1. Considering only region 125-148, I want to know if a residue exists there that is surrounded by fewer than 21 Cβ atoms within 10 Å (Cβ to Cβ), in contact with a strand residue (DSSP E or B) (Cβ under 6 Å, 6 or more places away or on another chain), of a type in the set (A, V, I, L, M) and closer than 18 Å to R45 by Cβ.
2. Give me the residue from region 107-129 that is in contact with a Pro (Cβ under 9 Å, 6 or more places away or on another chain) and among the aliphatic types (A, V, I, L, M) and, out of that set, farthest from S83 (Cα to Cα).
3. What strands (runs of 3 or more DSSP E), lying completely within region 107-188, carry at least 2 residues that are among the hydroxyl-bearing types (S, T, Y) and under 24 Å from T92 (Cβ atoms)?
4. Of all residues in region 129-145, how many are within 15 Å of the chain's Cα centre (by Cα) and of a type outside the set (S, T, N, Q)?
Amino acid sequence: MRSLALIALVVSFAGCLLFDDRGGQSPCVSGADLGAPAFEPTPLRNPENLICQSFGAPCDPSCGVCPPQAGFAPTPTWGICGSSCDSLDESTCSTRPDCRIAKDARCAVFADCTTDFLGCLPTDSFTQSVDCFAATDGQTCSRSSACTALHRVEPCPLGIGVECSTPFAMCVPEGQSPGQCFAPVTCDAIGPNCPLDTTPGIENGCFTGACIPMDLCGPVAAK
């Protein structure tokens, strides 16, 4: 009886490696050597470059307990690709606590584009209160729907299935502008202590609180 119980446990644990009663492979198949996987992990959107990435080995939990993901990096807490946030406009996105806004950094700084809205994205699955101006990486910025992530829109090769990298540039509170780079300062407030290669954002004669990367301050082509 003990050996039968052990066999049952192994079969259940295999999850995606089951066979049907005719000796063939069931729909629960995993691994390139066994055929097409029954289930692919849901891609997650990398908040640093907005590219969708998959993590872990293909496995269908409905087949049983999936094996340990040995050799695979831990699955991050990023938002999923293809979420209900993806189709929302900027106004609707701002009302959803599970969604966040992404914008074109250059357009936001120069305010010379028809729109700086890049899209609506899901927040990180681990949410927290974030000081948006102080967030220096995309993941921290993505952990609050109150923050807007500004990304660099770079030239991208054309091709079927090509997903372009859109690197994170800075984080600002939703609804606030990062300001401009070299506008005159007429108020008495002290600007933020910005890191090297960034400059305090200025709007309406006062500091906004943003630290704008210097590469976003140069001339840009007309849009």
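1. Checking region 125-148: at least one residue is surrounded by fewer than 21 Cβ atoms within 10 Å (Cβ to Cβ), in contact with a strand residue (DSSP E or B) (Cβ under 6 Å, 6 or more places away or on another chain), of a type in the set (A, V, I, L, M) and closer than 18 Å to R45 by Cβ.
2. The selected residue is V109.
3. On the way: elements: 117-122, 147-151, 168-173.
Output list is empty.
4. Narrowing region 129-145 to residues within 15 Å of the chain's Cα centre (by Cα): 135-145.
Within this subset, residues satisfying the condition of being of a type outside the set (S, T, N, Q) are 135, 137-138, 141, 143.
Number of matching residues: 5.
Only the coordinates and a few stated rules stand behind these numbers; no lab work does. Model, not experiment: these values are computed from the prediction. Every residue, glycine among them, receives a Cβ derived from its backbone with ideal geometry; neighbour counts consider all protein chains shown.
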